[in-house]
Amino acid sequence: MKAWFKWLARENHILYSPATDLEFPCEPKSLPRTILSVQDMEAILAQAEPLTPKLIRDRAALEVLYSCGLRRMELVGFNTYDFDFARELLMVREGKGKKDRVVPIGQRALAWVDKYLLQARPLLLTQDLAALFVSDYGEPVTAE
């Protein structure tokens, strides 16, 4: 309603918007009611069995997402040098709010990233890239 009256006023169909002073009730934002159990998450991760280089890449990406609680837009921006294997840390560059942060990463996720870097990524690359995750065409993955 507010947007429609605002448009009418902007287009000079009415003198002013009568809805500017209206206060509409808003639904409270709440967290999801259900959270996946460990068994459910293990079942999801098992779907990407590492049979091909692409599936190793997918499994490594899923492990990183799950281990660090990342957003998909953050995952596609990783470079190979963003992982600190010795200290088990990951540098997230320009995450939410365009802020950089360092997050801990689990040993299991690091093991999958290491496996991806050694076994799968060289087979997927077509050019020298710093991007960690590369597409089937050897280009940096995108969020689409």
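Small (G, A, S) and farther than 23 Å from I44 by Cβ: does that describe A111?
It is false that A111 is small (G, A, S) and farther than 23 Å from I44 by Cβ.
Of all the residues that make up the range 78-116, how many are of a type in the set (A, V, I, L, M), surrounded by 12 or more Cβ atoms within 10 Å (Cβ to Cβ) and out of contact with any strand residue (DSSP E or B) (no Cβ under 9 Å at 6 or more places or on another chain)?
1
Only one of (1) modelled with pLDDT under 85; (2) over 17 Å from A143 (Cα atoms) is not met by W7, so which one is it?
Unmet condition: (1).
For F5, state whether it is of a type in the set (F, W, Y), exposed (fewer than 10 other Cβ atoms within 10 Å of the Cβ) and either farther than 28 Å from E144 by Cβ or over 16 Å from the mean Cα position of the chain (by Cα) (or both).
The answer is no for F5.
Filter the helices (runs of 4 or more DSSP H) completely within the range 51-144 down to those with at least 1 residues that are over 14 Å from the mean Cα position of the chain (by Cα) and in contact (Cβ under 8 Å) with a residue 40 or more places away in the chain.
Where helices (runs of 4 or more DSSP H) fall fully within the range 51-144 and carry at least 1 residues being over 14 Å from the mean Cα position of the chain (by Cα) and in contact (Cβ under 8 Å) with a residue 40 or more places away in the chain, they are 53-68, 107-115, 121-124.
Kindly indicate whether P25 is exposed (fewer than 10 other Cβ atoms within 10 Å of the Cβ) and in a loop (DSSP other than H, G, I, E, B).
Taking the combined requirement at face value, the residue satisfies it.
With more than 23 Å from E42 (Cα to Cα) and either buried (at least 16 other Cβ atoms within 10 Å of the Cβ) or in contact with an Asp or Glu (Cβ under 6 Å, 6 or more places away or on another chain) (or both) as the only criterion, which of L75, L124 stands out?
Matching residue, one of L75, L124: L124.
Test of understanding: among L45, L36, which residue is at pLDDT below 90, among the aliphatic types (A, V, I, L, M) and either in a loop (DSSP other than H, G, I, E, B) or on the phi > 0 side of the Ramachandran plot (or both)?
After applying the criteria, what remains is L36.
The values are calculated or read from the model by the stated rules, or taken from the named source; none is laboratory data. Please read all numbers here as calculations on a predicted model, not as lab measurements. So basically every Cβ, Gly included, is an ideal-geometry build from the backbone, and we count neighbours across all protein chains shown.
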